[in-house]
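A.B. asks: Dropping a structure here in structure tokens format, bear with me for questions.
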Amino acid sequence: MVVQEPVSEHVLAEVLGHPLPEVVATLRTLALEYTAQGRGFDLREVAGGWRFYSRPEHAAAVERFVLDGQQSRLTQAALETLAVVAYRQPVSRGRIAAVRGVNCDGVMRTLLARGLVEEYGVEYETQATLYRTTEYFLERMGLRSLDELPELAPFLPEIEALEAEGGASPELLPTRAAYPLARSGDTGRDTGAVHTDPDDGETTTED
């Protein structure tokens, strides 16, 4: 009830003075009991730990209480940028801009301010800052690890269709199959002319 982030099984075992297997079994039993009893809260395993959450069916009431009618949602541009970071991390701003075809500086500042992404060293050759998602991102997404991110390949158009339409080149698509999550060596190079898109305030790049 008092933690600000998911607490790990190891920490709980240490604090309670009980064997780790016993703590793990108890957590899973409690989670099942709360679901079976229809409790208003849920005990979930996310981001490498456990934490209480309100159940989805009570989301409307919780939102009214917590947000008082005010909601702050990520824009489409922010969601797209966050997806690129999640699937290509660690990744530089230059690489993100190359994948999306627009400048992402403003969107990245928003994601950093919200704690969804963080700096993760620099790219060796270009010294460009690299970024990755945070534990808070996993928590908000309800994931235990990045391995639980869904594969993108089934949702992408065929490569032949993209090439026929003159779309983005295959190497720029953020697929997990082509680019592992732990990929390093992304560069921060930006190429081409820069233009401002009056519709969303972003800038596009052309080769």
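The values are calculated or read from the model by the stated rules, or taken from the named source; none is laboratory data. Since we're looking at a predicted model, the values are computed, not measured. Heads up, the Cβs are rebuilt from the backbone with ideal geometry, glycines too, and the neighbour counts pull from every protein chain shown. Heads up: the accessible areas ignore ligands, DNA and RNA and are worked out on the full protein's heavy atoms, side chains in. Shrake-Rupley method; radii C 1.70, N 1.55, O 1.52, S 1.80 Å.
A.B. asks: What residues qualify as long-range amide H neighbours of N103, i.e. H under 5 Å apart, gap of 5 or more or another chain, H built at 1.01 Å from N?
C.D. replies: The answer is T203, T204.
A.B. asks: To continue, here is another question. For region 1-128, what is the accessible area per residue in Å², given a 1.4 Å probe and the full set of protein chains?
C.D. replies: Using a 1.4 Å probe on heavy atoms only, each residue of region 1-128 averages 61 Å².
A.B. asks: Next up: Between D105 and Q76, what length in nm is gained on full extension when 0.36 nm per residue of separation is reduced by their alpha carbon distance?
C.D. replies: 9.0 nm
A.B. asks: Using a 1.4 angstrom probe and counting only protein chains, how large is the accessible area of E5 in Å², to 10?
C.D. replies: 120 Å²
A.B. asks: Ok, one more. Please report the carbon-and-sulfur percent of the accessible area for region 69-139; probe 1.4 Å, protein heavy atoms only, DNA, RNA and ligands left out.
C.D. replies: The computed percentage sits at 47.
A.B. asks: Hey, another quick one. Give me the number: length gained by fully extending E22 to D42, i.e. 0.36 nm times residue separation minus the C-alpha to C-alpha distance, one decimal in nm.
C.D. replies: Taking 0.36 nm per residue and subtracting the Cα distance, the gain is 5.2 nm.
A.B. asks: Among the trypsin sites (Lys or Arg not before Pro) in region 15-112, which ones are in a DSSP loop with at most 11 other Cβ atoms within 10 Å of the Cβ? Mind listing them?
C.D. replies: Loop-located and lightly packed - R73.
A.B. asks: Quick one: which residues, 5+ away or cross-chain, put their amide H under 5 Å from the amide H of Y131? H built at 1.01 Å from N.
C.D. replies: V91, S92, Y120
A.B. asks: Per-residue HN-Hα couplings for region 25-36, Karplus 6.51 cos²θ - 1.76 cosθ + 1.60 at θ = phi - 60°, whole Hz, x for Gly and Pro?
C.D. replies: 4, 5, 4, 5, 5, 4, 4, 5, 5, 4, 5, 5
A.B. asks: Among rounded, prolate and oblate, which fits region 1-125 when a ≥ b ≥ c are the square roots of the eigenvalues of its C-alpha gyration tensor, a/c under 1.5 means rounded, and a/b larger than b/c means prolate?
C.D. replies: oblate
A.B. asks: Still on this structure, please answer the following. How long is the gain from E14 to Y136 if the chain were fully straight, where each residue apart is worth 0.36 nm and the alpha carbon distance is subtracted?
C.D. replies: Contour length minus the Cα-Cα distance gives 41.6 nm.
A.B. asks: Amide H to amide H, which residues 5 or more places from R114 or on other chains are under 5 Å from it, using H placed in the peptide plane?
C.D. replies: Result for R114 returns nothing.
A.B. asks: Hey, another quick one. Distance between the C-alpha centers of region 2-23 and region 97-123? Whole Å please.
C.D. replies: Centre-to-centre (Cα) distance: 34 Å.
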